[in-house]
Amino acid sequence: MRVKPAVVACAADPTPSNAQDVMSPEVYRLSVVQLLPPHGCAMSLRDKIPSVQAPTGAPLSVMRLLALTVVLYTFFVLYMKGALAFELFQGDVVSYWNDSLTLATPYSTWCRAIRP
Amino acid sequence: MIASVRAATFGVLPPLAVMMLIAGSSYVIGVAVFALLASEAGITSPREVSLLFAVHPFVGLTSAVYPDADSVATALLLLCLLYYHREQWVSCAVFFGLMILTHKAIWFFALPLGVIAFIKHRESRLPLVVASVPLLALIAAGAAHHNDILWAVRSSMKNLLTSQTSFFPVFDGIVASLIAGGFAKVSKVVLVLSALSLAGMLLLPCYRRRFWIGVSVAVGLLIMAVVVNRDNVWAIFRFSKVLLLPLGYVLLTPDSAFVRRWGGLTPIRFLLLSVGAIASNVAFGYYMAKIYFVR
């Protein structure tokens, strides 16, 4: 399951020189990792997985993913609170808050308001 | 955790702001950890799959916005799975201990994960046992406080697990919902059954490929389906979003037949899935706000 040793070996493997051109760096790296025998170099990618396709279009960067997640979350808060006037502080949420104010053990007072 | 955030913010934030700060942060952390785990598991387009996890049909966004323990528990579960996958047992055990303290639904996933770790990885045994001590201590303290050894599970046994259809003690959540009838309950059962079917289908390929975290998630959902009753059957679907990890592993690793024959997660498929998932969240949010919580 660990990938570190195999990734290090990528630089020396005899994979076709255009492999990186036809697939994204991540697909290329992971393909090589999976194909790499424990004691030697990778076999030809085309021999093993001839039809592997690179994802077209720009892949999401991590920062873009997180920014998009925050935007979606904010949009949904506005939708639920603003457009639907939904009271978020109800049910289990109130139980959790009340339990946090005391030293009483939690759990026993929960589950009184069941979510959909 | 709530008390800690209250203390750290000097008690100036209103209750809802504190709860949303915790749940919202956990949601974003969960998506980031999912992306990391998907990448390390070898899933192609891991960040696109993570975005689909973030907007999982019906519950991805609605469950994140309603600031209960789901997002925190899911983030801790994913962190535990990440360190399990890396075979870093101390970190894995820390998040294991935190996740079983946070949400009882997580116990269903913790059980198969712990059993597999015990069997497969001898070095995981001590850290996982130590990680269970805080929960056991809480249960012991509660037993003394409430004079009831089963205090921690009694309300759940009564409200969430006890069968409401006396003739059928297992799968009550599904059976009782079907018997109750009505569009909402039948729709709920259809969605739950689709999640359970997916879990069942993923079990064998994950087992064959020794993808143990996928096996744990699938088995956890199936156990949950056996014991929960009608009032809690939706929890199966809420937590089924983690199934995207084994699903992505089976369908979207470079050597999978789906990638080789069908091209995997193409941009148009990703777009259609994302838009459909967001639309289902909008619809379910409307149901929560205008129908379920006003009854």
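The values are calculated or read from the model by the stated rules, or taken from the named source; none is laboratory data. Fair warning: this is a prediction, and the values are worked out from it, not measured in the lab. Glycine gets a Cβ as well: all are built from the backbone with ideal geometry, and neighbour counts include every protein chain shown. Accessible surface areas use protein heavy atoms only, side chains included; no ligands, DNA or RNA. Shrake-Rupley method; radii C 1.70, N 1.55, O 1.52, S 1.80 Å.
Among the residues of the range B:219-247, those that are more than 11 Å from chain A (Cβ to nearest Cβ) and not hydrophobic (A, V, I, L, M, F, W, C) comprise B:GLY220, B:SER240, B:LYS241, B:PRO246.
Residue count for the range B:102-119 under the criterion of being more than 13 Å from B:LEU76 (Cα to Cα) and under 10 Å from the mean Cα position of the chain (by Cα): the result is 1. With respect to being modelled with pLDDT under 50 and surrounded by 14 or more Cβ atoms within 10 Å (Cβ to Cβ), A:TRP97 falls outside the description. Checked across the range B:165-177, the condition of being open to solvent by 60 Å² or more (accessible area, probe 1.4 Å) and polar (S, T, N, Q) holds for at least one residue.
Examine the range B:248-270 for a residue that is more than 22 Å from B:LEU51 (Cα to Cα), touching a residue at least 24 places away in the same chain (Cβ under 8 Å) and facing another protein chain (nearest Cβ under 10 Å), and state whether such a residue exists. Among the residues of the range B:248-270, not one is more than 22 Å from B:LEU51 (Cα to Cα), touching a residue at least 24 places away in the same chain (Cβ under 8 Å) and facing another protein chain (nearest Cβ under 10 Å), which makes the answer no.
Screening B:GLY42 with (1) away from chain A (no Cβ under 11 Å); (2) not in a helix (DSSP H, G or I) gives one miss only, at (1).
Do you know which of the residues in the range B:54-73 that are open to solvent by less than 10 Å² (accessible area, probe 1.4 Å) and not in a loop (DSSP other than H, G, I, E, B) is farthest from the other protein chains (Cβ to nearest Cβ)? Only one residue fits best here, namely B:ALA73. More than 19 Å from the chain's Cα centre (by Cα) and part of a helix (DSSP H, G or I), is that true of B:LEU126? Spelling it out, B:LEU126 is indeed more than 19 Å from the chain's Cα centre (by Cα) and part of a helix (DSSP H, G or I). When restricted to residues that are open to solvent by 10 Å² or more (accessible area, probe 1.4 Å) and either out of contact with any Ser or Thr (no Cβ under 8 Å at 6 or more places or on another chain) or within 21 Å of B:ILE236 (Cα to Cα) (or both), the range B:33-50 contains 6. Flag not set for B:ALA199, criterion: in contact with a Cys (Cβ under 7 Å, 6 or more places away or on another chain), surrounded by 23 or more Cβ atoms within 10 Å (Cβ to Cβ) and either aromatic (Phe, Trp, Tyr) or in a helix (DSSP H, G or I) (or both).
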